[in-house]
Amino acid sequence: MILKDDVVLLRAIEEDDANVLMDLINDPEVENSVFGWSYPVSLSSQKKWILNLSNDTTVRYIIDVDKEAVGVAIISSIDMKNRTSNMNIKLLKSVRGRGIAMHALGLIIRYCFDELNMHCLTANVIERNENSRKLWIKLGFNEDGVLRQRIYKNGTYHNIVSYSLLREEYYERNR
Ligand SMILES: CC(C)(COP(=O)(O)OP(=O)(O)OC[C@H]1O[C@@H](n2cnc3c(N)ncnc32)[C@H](O)[C@@H]1OP(=O)(O)O)[C@@H](O)C(=O)NCCC(=O)NCCS
């Protein structure tokens, strides 16, 4: 189902979203802030990728604000035995600093606990990504620890900071 509140609407990825996904993946600043690495992506290969998507252990949402696609939020590594999953989000630069990530992740977190019956949600952030680290703390996540030198970018290794939110902590905050 779609997820929505008074600010954002989270829905499935459509072929027409190729431009926004391509802009996010091709943006060096975003690439620098997140894990992994990417080839430059063309519009046609982005469209092909969208057509081949399947929801297995990953659920991807386009974030709409006022009917415009402004970013993507992802629930990944969904593990139905241990009831864990991981969260991730990327927004276009033009819409940042307006609380959109708080709204989008607030909906996803509630969906993970209320509908998927998750026990523990995780998020992993490159240590120097201060904005993202503050975001997870503001959402109530606990800073669990540091994985040393796991990400290689800009000619050097970076630590990962690992966050988690337990079901009981979430319901305690949101009674
Ligand atoms: C990280 C990101 C998703 C934040 O989105 P956003 O919509 O701007 O965040 P919000 O406006 O909801 O801010 C929520 C909180 O996050 C923190 N935060 C977000 N952007 C910040 C910034 N530029 N400076 C300082 N704190 C920031 C703050 O604690 C903020 O709360 P506050 O405004 O009350 O201080 C966005 O900057 C982004 O897409 N960055 C590039 C990709 C990325 O780093 N993704 C995270 C990977 S885990």
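Since every read-out is calculated from the coordinates, none of them should be taken as a lab result. All values reported here derive from a predicted model rather than from experimental measurement. Heads up, the Cβs are rebuilt from the backbone with ideal geometry, glycines too, and the neighbour counts pull from every protein chain shown.
Residues that are in contact (Cβ under 8 Å) with a residue 24 or more places away in the chain and β-branched (V, I, T) number at least 3 in the following strands (runs of 3 or more DSSP E) confined to segment 1-110: 59-65, 68-79.
Applying a threshold of 7 Å to beta carbon distances and a minimum spacing of six or more residues, or different chains, the list of pairs starting in segment 111-129 at a residue that is more than 22 Å from V161 (Cα to Cα) and ending at one that is of a type in the set (S, T, Y) reads F113/Y170. Annotation: of all residues in segment 36-81 being of a type in the set (F, W, Y) and more than 27 Å from H158 (Cα to Cα), the one that is nearest to the chain's Cα centre (by Cα) is Y61.
Of the residues making up segment 111-160, those that are among the aromatic types (F, W, Y), in a helix (DSSP H, G or I) and either more than 8 Å from the ligand (Cβ to nearest atom) or surrounded by fewer than 18 Cβ atoms within 10 Å (Cβ to Cβ) (or both) are Y111, F113.
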